[in-house]
Amino acid sequence: MRYLQTFFSSLWRLWFYILMIIVILALSPILLFTIWSDRTYKYFFQLARIWAYIVFYGLGMRYHIERFQQLERGKSYMFIANHTSMLDIMMMLILVKDNPFVFVGKKELSKLPIFGFIYKRTCILVDRRDAKSKKQVFESAQDRLSKGLSICIFPEGGVTDDRTIILDSFKDGAFRLAIDHQIPIVPIAFGHLRHYFPFVWGIGRPGNVPVKVFEPIETIGLTIEDRKQLKDKAYNLLYQPVAQWEEEFSKS
C-alpha cells in the first residue's frame, strides 16, 4: 500500500509541474508583454493570480479562509506567511487581490525551466549565502515599495529539512523593511500544506487548506530597536493556528 501511495503521489506531483508549464505557455504572449516594465507589473500580477488559481484548483486543492480584517485597496503592506510548500506561492497570489506584491524568494528557483525565467524577471532574488545579495534585496524592495507595491516574504528564510519543526525561527529582513517604510505587516497562516504538498517527492495528496489572514500589525512610530518585539509578535500569531492545525491533522 505504501508503495502505491508513493507512486500515485509522485504522479500527482509530476502533474503539478506539467500543469504549471502548460498554463505559463498558454499565458506567455501576454506574460511576456507584462514582465519587462514596472509600469505593467500590476497586469502581470493579475495574470499570475489566474495562473495560481488554475494550478491550485487543477491539482484538486481547496481552501477555507478566516479573515480578521479587510485590507485597504492599493495600500502597501508587508505580507508574511509560514512556508512549507511550493503551493504557498499560489496561495499568496490567490488570497491577495487588490494589493499587488513582489515576492522575495530564493535564487535557486530561477533555474527551473520556463517558470524560472519569469520568476527571475518579476521577483526579488536572494542568495542567502551571499551578504552582498542580502543588501541588494533591501535596495530592490525599497524601490518597489516606493512605487506603491507591497512585498511578500516568507520570514523563516527557507524550508527546514527537519520535519519535526512546524514553524522555524524568523529572520529580521521583513521586519526591518516594514519598520523602515512604516508599512503594516499582514501575517497569514497556512495549515496542512507541509503534508499535502511538501518539498519531498513521494509524499502528498489533494486536500483542503485552512487559512487565517490576521489584521495588519502597524509599524508607525516603531524604530529598528523594536524589530525583535515585532518579530516575536508576528511569530506567536502564526504559531498558534499552525500548531493547532498540526495537532488536528495528526488525529485525523
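Which residue, L238, L167, L14, has the most motion in a Gaussian network model of the chain that connects Cα atoms within less than 10 Å? For the chain, modelled as a Gaussian network with Cα springs under 10 Å, the answer is L14. Accessible surface calculations at 1.4 Å, restricted to protein heavy atoms, place the chain at 51 Å² per residue. Residues considered: I188, I203, I220. Largest GNM mean-square fluctuation over the chain, using C-alpha springs under 10 Å, is found at I220. Amide hydrogen proximity for N82: with H placed 1.01 Å from N in the peptide plane, the residues at 5 or more positions away or on another chain lying under 5 Å are I188, F190. What whole-number distance in Å separates the alpha-carbon centres of region 146-195 and region 9-48? With region 146-195 and region 9-48 each reduced to a Cα centre, they are spaced 23 Å. Three principal axis extents describe the C-alpha atoms of the chain; from largest down they are 57, 45, 37 Å. Under 19 Å from a label point set 7 Å out along the Cα-to-Cβ vector of K251, the amide N atoms of region 172-210 belong to 191-193, 195, 208-210. Measuring with a 1.4 angstrom probe and ignoring ligands and nucleic acids, L145 comes out at about 20 Å² accessible. Take every Cα pair under 8 Å whose residues are at least 6 apart in sequence, average their separation, divide by the length of region 1-251, and the relative contact order is 26 percent.
Largest first, what is the accessible-area ranking of F199, F103 with a 1.4 Å probe? Kindly include the intermediate steps, with their values, before the conclusion.
Numbers: F199 85, F103 25 Å².
Per-residue accessible area, sorted high to low, gives F199, F103.
With all protein chains in place and a 1.4 Å probe, the accessible surface of the chain carries 56 percent carbon and sulfur. Taking the Cα centre of region 46-114 as origin and assigning +1 to Lys and Arg Cβ atoms and -1 to Asp and Glu Cβ atoms, the resulting dipole is close to 120 debye.
Normalising by the residue count of region 1-123, find the relative contact order in percent from Cα pairs under 8 Å and 6+ residues apart.
On the way: 68 pairs, mean separation 34.5, N = 123.
So the answer I get is 28 percent.
Which is the longest part of the chain that has none of the trypsin sites (Lys or Arg not before Pro) sitting in a DSSP loop with at most 16 other Cβ atoms within 10 Å? The segment 164-252 is the longest one with no such site. Taking A174, A26, A189 as the candidate residues, the one with maximal mean-square fluctuation in a Gaussian network model of the chain, Cα springs under 10 Å, is A26. Largest accessible area first, the residues E215, E246 order themselves as E215, E246 under a 1.4 Å probe with ligands, DNA and RNA left out.
For region 1-251, what is the percent of antiparallel DSSP beta bridges, rounded to the nearest 5? Before the final figure, lay out the partial values.
Working: 4 of 24 bridges.
Once the DSSP bridges in region 1-251 are tallied, antiparallel ones form about 15 percent.
If you look at the Cα atoms of region 1-119, you get an Rg and a Dmax of 15.7, 53 Å.
The values are calculated or read from the model by the stated rules, or taken from the named source; none is laboratory data. Note that this is a predicted model, so its numbers are computed, not measured. Positions of Cβ are generated from backbone atoms using ideal geometry, with glycine treated the same way; all protein chains shown enter the neighbour counts. To get the accessible areas, we keep the full protein, side chains included, count just its heavy atoms, and leave off ligands, DNA and RNA. Shrake-Rupley method; radii C 1.70, N 1.55, O 1.52, S 1.80 Å.
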